[in-house]
Amino acid sequence: MSNKYYEFFCPVKVIAGKAALEHIPYELSGMAATRPMIVTDKGVRAAGLLDPVIAACEESGLEIVSIYDDVPPDSSTAVVRDIAGVYRSEKCDSIIAVGGGSAIDTAKAVNILVSEGGDDIAAYAGAGVLKRPLKPFFVVPTTAGTGSEVTAVAVIADTEKHVKLPFTSSFLLPNAAIIDPRMTLTLPPHITAATAMDAMTHATEAFTCMAKNPLSDAYATAAIKKISNSLLAVMDNPKDADNRLELAEASTMAGIAFSNSMVGLVHALGHATGAICQLPHGLCMSLYLPYVLEYNIESIREPLGELLLYLDGPEVYAATPASRRAEASISAIRRMRDALYKHCKLPRTLKETGKVVEEQLERIAEVALDDGAIMFNPKEVTLEDAKAVLRRAWA
Amino acid sequence: MIAKRIQPMAFQARRLYVELMFQVMGRALQAVSEVDATVQKDASALPEGFLFEMMVMPQGSSLIVEHVGNGRFHYHGNSAPRPVDLSIQFKHIAHAFLVLSFQEKTSVAFANDRMLVDGDISYAIRMTRVLNRLESFILPKLVAKRAVKEYPANLHLPEKLMSAARIYLKVASNFVETVRA
Ligand SMILES: [Fe+2]
């Protein structure tokens, strides 16, 4: 009997495409919610992204009761408590998160407090603490990368105790993710590139790491195909709504893939680098992806080779001998990075970031070795291995 | 209780095996932590007095070790002196058996959602590394290759140190044969 076993779960309704925002009032009414609160950040508001959301609701006679637009890039327990306070005093009955990873994570945590009660979000930290569904919750992503709209995780900093609190529960998942091309149309080029490469990494790691399974594979390959076909088109023409939508869909699909099959060493190194050198997550992903694939190659030759079909299309795939496909996949990713470097200077090496000094590599390796993502890397990683990958990624 | 009537002996044997393997691993963890620098290095980052538990849900067998400082573990048997800091919980005895009979690697078991981690993930990663190292000590090379992702190149322990554990293991593998049959 085979030892194969897997689990796959994604109960999030995906509402995607043209005029998707206009479905929000109907979806809210379907859950008997009439007093929604928007949780977002200043950048989203300044970019005018709230306007179409509010207009879509008001046109249907649905009043947005409260807007909290002060979520910081690294949200904290204090912010979560504040927002929960506003929610309660305004007698809201549902939450719409509009933004990237931080706004979405914050809204997830707020939903715990307003559903379960209390002011101490730390009491709900950990896995499986929640035992019942929370308030109606909708997510409108404004970046195409994190996939937070389909992950059952939130991370909130406890600024007093200086720790990051993880929350894991399937009840954190929103009832629906609304993917509207208007939301990512104005994303600046370097953020478009970095977040798309985050999604690319989610899909690639989901497809090559230990918990891969047939269902997450299907989402991962479809996401890679969309990113390969659309990313450079969007870089050339940022107002290309069709290809913007492709990227946004790919990000959600990659999110579904990795939330069911986990990520690996790219994320372990990226989390460590982000914490130590304050580099954006997507940038770290793009930077480390080919070096980690090269490190893992003998353990992932087959699945990595299969990805060539989605990275470079059927002609290239068919013309490349099976034994060379894994290397060809890495070359395809490198070519994409080179193109992004040309477009918006997205760094390809640690040196190119200008924000990392060589002395930090040792520390990055140590921290990466303690990261949860390393558990699912297909190849065992020692401290020496991690340092070797970092040295190759240096310049 | 239909299942019980069909295979009572196999279930009983599996339970005994898991209990025995927890004991073997608990003792071996303590022994290895007293001599192996790699294990000590990984363990020394754990707080002193840190209690680690591996258990089978809902309230089955368990293994508890304490980090007593300087990378040394102390085996507490199956009862903890106070609430544990990190608990790795198998969802079912069948899953514990797969891992403890080295049919499924620890990391694969995590990937397959066979077990839950209650506590700090980075400590869980450390303990998984320690357990991998331990498995490569007490198992013959061939079996260890199956149990851990990669067989370490730098094992330099006196053979006799682990021979006691290996004797236990022999007894244990007889259980495997019994249960598999
Ligand atoms: Fe990511």
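Just checking, does the range A:97-114 include any residue being more than 26 Å from A:Asp180 (Cβ to Cβ) and open to solvent by 70 Å² or more (accessible area, probe 1.4 Å)? Spell out how you get there, then give the answer.
Taking the range A:97-114 as the starting set, the residues that turn out to be more than 26 Å from A:Asp180 (Cβ to Cβ) are A:112-113.
In the following step, the residues that additionally are open to solvent by 70 Å² or more (accessible area, probe 1.4 Å) were identified as none.
No, that holds for no residue.
Conditions (1) within 16 Å of the ligand (Cβ to nearest atom); (2) within 14 Å of another protein chain (Cβ to nearest Cβ); (3) of a type outside the set (Val, Ile, Thr); (4) outside any helix (DSSP H, G or I), marked per residue:
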residue: A:Thr195; (1), (2), (3), (4): yes, no, no, no
residue: A:Asp198; (1), (2), (3), (4): yes, no, yes, no
residue: A:His202; (1), (2), (3), (4): yes, no, yes, no
residue: A:Phe207; (1), (2), (3), (4): yes, yes, yes, no
residue: A:Tyr219; (1), (2), (3), (4): yes, no, yes, no
residue: A:Ala222; (1), (2), (3), (4): no, no, yes, no
residue: A:Lys226; (1), (2), (3), (4): no, no, yes, no
residue: A:Asn229; (1), (2), (3), (4): no, no, yes, no
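Taking A:Asp120, is it among the acidic types (Asp, Glu) and modelled with pLDDT under 95? Walk me through it before giving the result.
Values: among the acidic types (Asp, Glu): yes; modelled with pLDDT under 95: yes.
Considered against the rule, which asks whether it is among the acidic types (Asp, Glu) and modelled with pLDDT under 95, A:Asp120 comes out as yes.
Report yes if A:Lys164 is free of Cβ contacts under 8 Å to residues at least 40 places away in the same chain, of a type in the set (Lys, Arg) and in a helix (DSSP H, G or I), otherwise no.
Working: free of Cβ contacts under 8 Å to residues at least 40 places away in the same chain: yes; of a type in the set (Lys, Arg): yes; in a helix (DSSP H, G or I): no.
No.
Would you say A:Asn229 is open to solvent by 20 Å² or more (accessible area, probe 1.4 Å) and outside the structural domain of A:Leu308 (by TED's automatic domain parsing)? So that I can check it myself, show each step before the final result.
Values: open to solvent by 20 Å² or more (accessible area, probe 1.4 Å): yes; outside the structural domain of A:Leu308 (by TED's automatic domain parsing): no.
Against the criterion (open to solvent by 20 Å² or more (accessible area, probe 1.4 Å) and outside the structural domain of A:Leu308 (by TED's automatic domain parsing)), A:Asn229 does not qualify.
Do we have A:Leu283 as assigned to a helix (DSSP H, G or I), under 16 Å from A:Ala332 (Cα atoms) and not small (Gly, Ala, Ser) here? Full working, then the answer.
Working: assigned to a helix (DSSP H, G or I): yes; under 16 Å from A:Ala332 (Cα atoms): no; not small (Gly, Ala, Ser): yes.
Spelling it out, it is not the case that A:Leu283 is assigned to a helix (DSSP H, G or I), under 16 Å from A:Ala332 (Cα atoms) and not small (Gly, Ala, Ser).
If a residue must be buried (at least 18 other Cβ atoms within 10 Å of the Cβ), outside any strand (DSSP E or B) and over 17 Å from the mean Cα position of the chain (by Cα), how many such residues does the range A:6-21 contain? Steps first, please.
First, pick out the residues of the range A:6-21 that are buried (at least 18 other Cβ atoms within 10 Å of the Cβ): A:10, A:12, A:15, A:20-21.
Filter again for outside any strand (DSSP E or B), leaving A:10, A:12, A:20-21.
After this cut, where a residue has to be over 17 Å from the mean Cα position of the chain (by Cα) as well, the list is A:20-21.
Counting residues in the range A:6-21 that are buried (at least 18 other Cβ atoms within 10 Å of the Cβ), outside any strand (DSSP E or B) and over 17 Å from the mean Cα position of the chain (by Cα) gives 2.
Identify, by number, the condition in (1) within 16 Å of the ligand (Cβ to nearest atom); (2) within 14 Å of chain B (Cβ to nearest Cβ); (3) open to solvent by less than 20 Å² (accessible area, probe 1.4 Å) that A:Phe167 doesn't meet.
Going through (1) within 16 Å of the ligand (Cβ to nearest atom); (2) within 14 Å of chain B (Cβ to nearest Cβ); (3) open to solvent by less than 20 Å² (accessible area, probe 1.4 Å) one by one, A:Phe167 breaks only (1).
Can you pull out the helices (runs of 4 or more DSSP H) entirely within the range A:303-379 that have at least 2 residues that are within 14 Å of chain B (Cβ to nearest Cβ) and in contact (Cβ under 8 Å) with a residue 60 or more places away in the chain?
Working: elements: A:308-312, A:314-319, A:325-344, A:350-353, A:361-369.
In the range A:303-379, A:361-369 are the helices (runs of 4 or more DSSP H) which contain 2 or more residues that are within 14 Å of chain B (Cβ to nearest Cβ) and in contact (Cβ under 8 Å) with a residue 60 or more places away in the chain.
Exactly one condition in (1) open to solvent by less than 10 Å² (accessible area, probe 1.4 Å); (2) within 16 Å of the ligand (Cβ to nearest atom) is false for A:Val139; which is it?
Tallying (1) open to solvent by less than 10 Å² (accessible area, probe 1.4 Å); (2) within 16 Å of the ligand (Cβ to nearest atom), A:Val139 fails exactly one: (2).
The values are calculated or read from the model by the stated rules, or taken from the named source; none is laboratory data. Because the structure is predicted, anything quoted here is derived from the model rather than measured. All Cβ positions, glycine included, derive from the backbone under ideal geometry; neighbour counts span all protein chains shown. Heavy atoms of the whole protein, side chains included, go into the accessibility calculation; ligands, DNA and RNA do not. Shrake-Rupley method; radii C 1.70, N 1.55, O 1.52, S 1.80 Å.
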